[in-house]
Amino acid sequence: MKEEKKLGLRNVISVSVGLVIATSCLVSLGQGAGTIGVTFIYAMIIACVLNMITMATMAELNALMPNTTGGLAQYTLAGLGPFPTLISMVGGYLLCNVLSTGVEASIFAYAIGDLLHLPIPNFTYTLIMSLLLLVTNLKGVDVFAKIQDLVAYLMIGSMLVLGIIGALGMGTGQIVDQPAVMSSDFGTIISMTAVAFWLFIGAEYVIPISKDVKNAKRNVPLGMFLGLALICVVQAVLVLGFKNYTPWADLADSAAPHLLYGMNLLGMPGKIWMCLVAALAFISTQNSTINGLASICQGMSKMNMMPRFFAKTNKNDVPFIGVWIITVAILVFAFASADSSDTISFLILVGSTFWMISYIIAHIDLLVFRHRLPKAPRSFKVPGGVILPVIGILGTAFMILNISTDPAEKYAIWGFTGITFLILGVYAFFWIKYKMRIPVFKHVPMQKVLAMENDLFYIIRKRRGIWR
């Protein structure tokens, strides 16, 4: 049967936007703006540029190794070897994505429960929505894209309209008389980039579905860049709206600043509208996460870096076991963080740290390939030689070092991250040595990694007794 590529630039943008715009992003946006005022927009722009550099790196890696289902896992396996691949992907990517999406689900359920006041646990709303998204993802990439387009553009449109209404002072609520700028100190703005970074994480979720994208060499990088730019503009407009209708102190202290803004802007209709935006953000995030992580697990399974059952597909060519397991894992984290604002905040920052580490590794992969394969054909190349990847590494490392303004919380985040990676390191060593049966710290040739996409690769290796 002829394989048809179904996704265009519009779909790429919606997937990029889909994971980036999340309910926790609205929380971070409110807290950042509430802390320093509209100058938080400058921190947002810096964070957006750093993420664009990372997406450029991802686009070049994808150009070197196109149509790979594992994405960053396969780049790192060919660049640095199996040990950092397994640690960074399981801890720095799979775990943090499931964790952060579970937190998203918890915030969504809290917002719906606060609005409806029904005599049922808030977790019920998460369960119902997760089951609906499970079914749509099992239907295949075409249904996924249709859901993603509808939700992403409704969400962005709603945020833009609510932001414009507030920025122009057109709301029905009372305009707040307060200074636009709480802090213009450059050092303070730079330190807030760690908060702003969370607003732009996740555009690379397009990479695992690049094999389903028409004219991927143009649409994948362009879609990621346009998606990030669109998000930056929309959220900057929202900050201007916050200034007119929500006291900065209330905004910074609120566990749900988006609902507070909606209520102050348009009364109960505004709160309901913002609740709808939060619901759309959750649907978009979980839809992108389930689809993207299932594809990544499928790719890692093909490399024998995860159990082989993750590579199994249903009649719609969907890695259904991965879809099921990821959905259940999200529900577990959602249940664990239910109705606890402190837990939610801590897990968001932990997830952000994991994610930043995976971004640093992506830049290192690119530098390794630039040295090892300088003349390899690329349909996209990051301009400026190694300058931008190095800036990406240094900028991201700076944000990890400034992940929280509270020293106790910062050390707790570093400690949690360190212990998690230590445990994963022990697991990775034994899995690679006794299951994969390859050198633990030696990179795998790129041609071999690309060959792993073919089913014959594991059939032959299994016959030879290399895999059990």
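Couple of notes before you dig in:
- Test result for Pro221, farther than 16 Å from Pro257 by Cα and either β-branched (Val, Ile, Thr) or under 21 Å from the mean Cα position of the chain (by Cα) (or both): yes
- Residues of region 375-382 include none that is assigned to a helix (DSSP H, G or I) and of a type outside the set (S, T, N, Q).
- Qualifying helices (runs of 4 or more DSSP H) (wholly inside region 387-468; at least 3 residues being surrounded by 15 or more Cβ atoms within 10 Å (Cβ to Cβ), modelled with pLDDT of 85 or more and not polar (S, T, N, Q)): 387-401, 407-430
- Residues located in region 288-309, provided they are surrounded by fewer than 24 Cβ atoms within 10 Å (Cβ to Cβ) and in contact with a Ser or Thr (Cβ under 7 Å, 6 or more places away or on another chain): Gln298, Pro307, Arg308
- Boolean, Val98 is at pLDDT 90 or above, hydrophobic (A, V, I, L, M, F, W, C) and closer than 24 Å to Val17 by Cβ: no
- Search result, residues across region 51-89 that are under 17 Å from the mean Cα position of the chain (by Cα) and surrounded by fewer than 24 Cβ atoms within 10 Å (Cβ to Cβ): Met52, Ile53, Ala56
- Cβ pairs under 6 Å, 6+ apart, first in region 179-198 and modelled with pLDDT of 85 or more, second assigned to a loop (DSSP other than H, G, I, E, B) and polar (S, T, N, Q): Val181/Thr39; Ser184/Thr39; Ile189/Thr39
- Beta carbons closer than 7 Å, at least 6 apart along the sequence or on distinct chains, never pair a first residue in region 250-271 that is at positive phi and at pLDDT 85 or above with a second that is buried (at least 17 other Cβ atoms within 10 Å of the Cβ) and of a type in the set (Asp, Glu).
- Screening region 229-312 for helices (runs of 4 or more DSSP H) wholly inside it with 1 or more residues that are over 19 Å from Ala167 (Cβ atoms) and under 21 Å from the mean Cα position of the chain (by Cα) returns the ranges 268-302.
- Among all residues of region 158-177, there is none that is more than 18 Å from Lys271 (Cα to Cα) and touching a residue at least 24 places away in the same chain (Cβ under 8 Å).
- Candidates Val323, Val332, Val350, Val318: the one that is outside any helix (DSSP H, G or I) and either in contact with a helix residue (DSSP H, G or I) (Cβ under 9 Å, 6 or more places away or on another chain) or not charged (D, E, K, R) (or both) is Val318.
A quick yes/no check of all residues on (1) surrounded by fewer than 24 Cβ atoms within 10 Å (Cβ to Cβ); (2) closer than 17 Å to Thr327 by Cα; (3) touching a strand residue (DSSP E or B) at 6+ places or on another chain (Cβ under 7 Å):
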{"position": "Thr101", "(1), (2), (3)": "no, yes, no"}
{"position": "Glu104", "(1), (2), (3)": "no, yes, no"}
{"position": "His117", "(1), (2), (3)": "yes, no, no"}
{"position": "Leu127", "(1), (2), (3)": "yes, yes, no"}
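The values are calculated or read from the model by the stated rules, or taken from the named source; none is laboratory data. Source: prediction; values computed, not measured. Note that we place each Cβ from the backbone using ideal geometry, even for glycine, and neighbour counts take in every protein chain shown.
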